[in-house]
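Below: the structure, in structure tokens.
The values are calculated or read from the model by the stated rules, or taken from the named source; none is laboratory data. Being a predicted model, the structure only gives us computed values, none of them experimental. FYI the Cβ positions are ideal-geometry reconstructions off the backbone, even for glycines, and counts take in every protein chain you see.
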């Protein structure tokens, strides 16, 4: 399909840090989609590819609207459901909505898909107020280790991985590390810090007791010497 080829080319340009050319390619693809829709050739694929172009242009809110529009043509379309879920979860940081969609639809329709199940677990954890901030920090740390070229910036020199549109539709390019594992490691580190803090407090208290005992001995000895002088 021509849309697929155009978007693949746009992501290749991003990988080569040719942002202006990539933006132009994304826009050309959107213009082609609009022309086909005006000619009566509208489908879920039209809006899916339109949304993927907007994602590449760093416009996740607009991309979400396109993916949702695609569901009007196929209410259980796997590609549109996944793009909605991943956009809500990873780009817009709206884990509650992502969790509901993954729990009630994607994971029920495709129970054997490990990627959807992993995203559901991440969304569930991020939905908990106490865990959300920590998980966001983990995601930010992951982004720093695996940076993605910002499509609107010429100043950044960080390349992106090559993106195949079919893999993109199936969820490639999303977070591959297990945030559950990162979260558990951070909890263990916090526990270790608390143990060290408790041990240090105990040592300080013992030292204070020892110092107090030495002062008491000194006072008693001083009083004894004074009595003898009298």
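Number of residues in the range 31-49 that are closer than 21 Å to residue 60 by Cα and touching a residue at least 24 places away in the same chain (Cβ under 8 Å) equals 9. Here 22, 79, 63 are screened, and the one residue that is modelled with pLDDT of 95 or more and over 30 Å from residue 107 (Cβ atoms) is 22.
Looking at the range 47-76, which of its residues are over 18 Å from the mean Cα position of the chain (by Cα), within 15 Å of residue 23 (Cβ to Cβ) and not in a helix (DSSP H, G or I)? Within the range 47-76, 57 is the sole residue that qualifies. Note on the range 9-25: residues that are touching a helix residue (DSSP H, G or I) at 6+ places or on another chain (Cβ under 7 Å) and free of Cβ contacts under 8 Å to residues at least 40 places away in the same chain amount to 4.
Checked against the criteria, residue 70 does not count as touching a residue at least 40 places away in the same chain (Cβ under 8 Å), out of contact with any strand residue (DSSP E or B) (no Cβ under 9 Å at 6 or more places or on another chain) and surrounded by 22 or more Cβ atoms within 10 Å (Cβ to Cβ).
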